[in-house]
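Right, one structure below, let's go through it.
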Amino acid sequence: MTLLQEAVAFIQKKVKVEPKIGLILGSGLGMLADEIQNAVTIAYDQIPHFPVSTVEGHAGELVVGELEGQKVITMRGRFHLYEGHALESVTFPIRVMKALGVETILVTNAAGGVNTSYEPGNLMLIQDHINLMYRNPLIGPNDASLGERFPDMSTAYDVELRELAAKLAAAQGIKLQSGVYAAVLGPSYETPAEIRMIRAVGADAVGMSTVPEVIVARHAGIRVLGISCITNMAAGILPQPLSHAEVMETAERVKGDFVQLLHSILKELR
Ligand code: HPA
C-alpha cells in the first residue's frame, strides 16, 4: 500500500459516510466544523503519514459528517509552507480527500488587500491566482493514477461555483469582491515595495496559503471555490504597521457573514 492508501484506509475504518465536499477553513473559521452533524473527528496525529501542525496546542483534526444536507470533510487546522512543512505534506490532505470521494473543495483564507479599493473586512471571491511561492507541489514523478503531468490551470477556480457564490452573496447583502490572489511563502509580511510589485503583476490580494492545495486539487480533477477574507490592507497602503492581531480581529469581526455565506453555498451546491 502507498502512504496515501494507508491514510485513506485508516480514515475509512472510522468514517461511514463518503464525503463529497472538502472544507479547508482559514483563520477564525474553524468553528464551522463544530456545526457538523453526526461528526466523526480524527486527530491528524492518529492518521498514518498525515502531517501534524508545528504550532503548539493546534494538533489539528479532520471532522467528517453532514452540514446543510451535504456530506463534508473539514480540516480544522491547515498546513503552511512557512511552518517548515514540505509541499507534499501541505497538499497530502487534498489527495486524501480525493481518495475518500471528494469532488468539490471550498477553501478560505485570510489575505492582505493589495487592491486599494478594498477595505479590511471585505470578502473576496478568488477569480484566479498567481503563484509567487515559486514552488509547485506537482514537481517530481507524476503518478498518472492521481492526475495528468501537465494539468490545465486556465479555470482553476470553477466558473459556476463563482457565479453561485456571487449570486448568494448579493441575495444576502454580503459584499463580495472578486479578484486575483497572490501566494507568497511568508512568514514575514511583505515590504511596501513587494506590494507595489504584487499589484503591478496583477494581484488584488496576498496571502500565505491556498495555492499549493488548489494546484493539487485541480490535478486531481476536484472543483474549487476559494474565498479570501481581506483582514488588513497590505504593507505600505496605510500608515500603520501590519500585525497578526489585526488579521485575527478582522477575521473575527467578519466571521458571521463569512459563515452565513458558506452555509448558503453548501445548501445550494450540486
Ligand atoms: N500578507 C500576507 N498574508 C496575509 C496578509 C498580508 O498582508 N494578511 C493576512 N494574510
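The values are calculated or read from the model by the stated rules, or taken from the named source; none is laboratory data. This is a predicted model, so every value here is computed, not measured. As a convention, Cβ positions derive from the backbone with ideal geometry for all residues, glycine included, and neighbour counts pool all protein chains shown.
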Legend entry - Of all residues in the stretch 143-158 being free of Cβ contacts under 8 Å to residues at least 60 places away in the same chain and not acidic (Asp, Glu), the one that is surrounded by the most Cβ atoms within 10 Å (Cβ to Cβ): 155
Inset, instruction - Output the number of residues of the stretch 224-239 satisfying the condition of being surrounded by 14 or more Cβ atoms within 10 Å (Cβ to Cβ), among the aliphatic types (A, V, I, L, M) and more than 9 Å from the ligand (Cβ to nearest atom). - result: 4
Inset, instruction - Give the residues of the stretch 245-259 that are within 16 Å of the ligand (Cβ to nearest atom), under 22 Å from residue 115 (Cβ atoms), in contact (Cβ under 8 Å) with a residue 40 or more places away in the chain and among the acidic types (Asp, Glu), sorted by residue number. - result: 246
Legend entry - Whichever residue in the stretch 107-121 is under 20 Å from the mean Cα position of the chain (by Cα) and in a loop (DSSP other than H, G, I, E, B) and, among such residues, is surrounded by the most Cβ atoms within 10 Å (Cβ to Cβ): 114
Inset, instruction - Determine, yes or no, whether residue 103 is at pLDDT below 90 and among the charged types (D, E, K, R). - result: no
Legend entry - Any hit, the stretch 159-182, residues being crowded, with 21+ Cβ neighbours inside 10 Å, under 21 Å from residue 91 (Cα atoms) and touching a residue at least 40 places away in the same chain (Cβ under 8 Å): yes
Inset, instruction - Give the residue, chosen from 66, 18, 88, 6, that is assigned to a loop (DSSP other than H, G, I, E, B), of a type in the set (Asp, Glu) and surrounded by fewer than 22 Cβ atoms within 10 Å (Cβ to Cβ). - result: 18
Inset, instruction - Being more than 16 Å from the ligand (Cβ to nearest atom) and touching a residue at least 40 places away in the same chain (Cβ under 8 Å) narrows it down to one of 262, 242, so name that one. - result: 262
Inset, instruction - List every residue pair whose Cβ atoms sit under 6 Å apart, with the two residues 6 or more apart in sequence or on different chains, where the first one lies in the stretch 209-233 and is within 22 Å of residue 85 (Cα to Cα) and the second, anywhere, is assigned to a loop (DSSP other than H, G, I, E, B) and within 16 Å of the ligand (Cβ to nearest atom). - result: 209/80
Legend entry - helices (runs of 4 or more DSSP H) enclosed by the stretch 183-270 - at least 3 residues per element that are at pLDDT 95 or above and of a type in the set (Val, Ile, Thr): 211-219
Inset, instruction - Could you list all residues from the stretch 196-212 that are within 10 Å of residue 113 (Cβ to Cβ) and more than 10 Å from the ligand (Cβ to nearest atom)? - result: 204
